[in-house]
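Below: one structure, written as structure tokens.
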Amino acid sequence: MRPSFRFVTSTLFALAVSSTAMAADGDWSGFSAGVSVGYVSLESDWQDKEYWYYGGTSSYKAIGAEIGLVGAYDRQFDSLVVGAILDVDYTTIDDTSTYDNDIKVTNTVTWLASLRARGGIAQGSSLIYLTAGLAMGGFDHEWTDPSNSSSDAFDFSNDNVGFVYGMGLEHRISGKISVRAELLQYSIPAAADTNGSGYTMKVSDELTAFKVSANYHF
């Protein structure tokens, strides 16, 4: 089940309030780097604009795990913290669904990357923030119909640059080490492919990710 923004937002705020009551003051300025793990869900919308297969839009959902590397740079001004985050993740999403009894539709995400700004409020050793920026990934889409010729197939990638936004909570557990939790929503614009029979399909991709990272501050 896809994690809801309302639930995770409430959790992050509750953790921030409880942790800052006991935390010592910290400085968030500088570089940090870490590793992350998480959960990611995908929704791929196939748009049959030319009514080749009944027309309309067909949605396919899949879930997977992700693991990756993350780096950040921040500056702190009193309690205000602003900075940037760069992350790259490997994902395990690889789903094949059946459409109209025999058509195989495969949606795969091999990697995700984002470059985001973030801004938030530091209280003690905790930082709660909003984040937004650019995102792209390794999105591969395939449509095959065993009952028809190979010219009816689609096999293409969505290399478009999209948008990502979300929120997070980061907490210093020591002077150099922090843990971070983020909820992110990715939106990748549609890519189009024309098969050998001259018909076109468009596919757009939406993802929701919840991930946790451990980070070292230099």
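The values are calculated or read from the model by the stated rules, or taken from the named source; none is laboratory data. Fair warning: this is a prediction, and the values are worked out from it, not measured in the lab. As a convention, Cβ positions derive from the backbone with ideal geometry for all residues, glycine included, and neighbour counts pool all protein chains shown.
A few notes on this one:
- Verdict on ALA122 being in a strand (DSSP E or B), touching a residue at least 12 places away in the same chain (Cβ under 8 Å), closer than 30 Å to GLN47 by Cα and among the hydrophobic types (A, V, I, L, M, F, W, C): no
- The condition of being at pLDDT below 95 and either in contact with a helix residue (DSSP H, G or I) (Cβ under 8 Å, 6 or more places away or on another chain) or within 15 Å of ALA190 (Cα to Cα) (or both) does not hold for PHE163.
- Given (1) surrounded by 18 or more Cβ atoms within 10 Å (Cβ to Cβ); (2) farther than 21 Å from ASP193 by Cα, index of the condition ASN107 fails: (2)
Here is a yes/no grid of residues against (1) over 16 Å from LEU207 (Cα atoms); (2) in a strand (DSSP E or B):
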{"site": "ASN101", "(1), (2)": "yes, no"}
{"site": "ARG118", "(1), (2)": "yes, yes"}
{"site": "GLY133", "(1), (2)": "no, yes"}
{"site": "ALA181", "(1), (2)": "yes, yes"}
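- Cβ-Cβ under 7 Å pairs, at least 6 apart or on other chains, region 42-60 side farther than 20 Å from THR96 by Cβ, far side at pLDDT below 85 and in a strand (DSSP E or B): none
- Selection count where residues are in contact with a helix residue (DSSP H, G or I) (Cβ under 9 Å, 6 or more places away or on another chain) and either assigned to a strand (DSSP E or B) or of a type in the set (A, V, I, L, M, F, W, C) (or both), scope region 183-218: 4
- Some residue of region 130-148 being of a type in the set (S, T, N, Q), modelled with pLDDT under 90, loosely packed, with under 14 Cβ neighbours inside 10 Å and more than 15 Å from TRP28 (Cα to Cα): yes
- Qualifying residue in region 68-77 (condition: part of a strand (DSSP E or B), surrounded by 14 or more Cβ atoms within 10 Å (Cβ to Cβ) and either in contact with a Leu (Cβ under 6 Å, 6 or more places away or on another chain) or of a type in the set (Asp, Glu) (or both)): yes
- Test: residue in region 61-82 that is over 25 Å from VAL179 (Cβ atoms), free of Cβ contacts under 8 Å to residues at least 60 places away in the same chain and within 18 Å of the chain's Cα centre (by Cα): yes
- Test set (1) over 21 Å from the mean Cα position of the chain (by Cα); (2) part of a strand (DSSP E or B); (3) of a type in the set (Gly, Ala, Ser); (4) closer than 22 Å to THR106 by Cβ - GLY137 fails condition number: (1)
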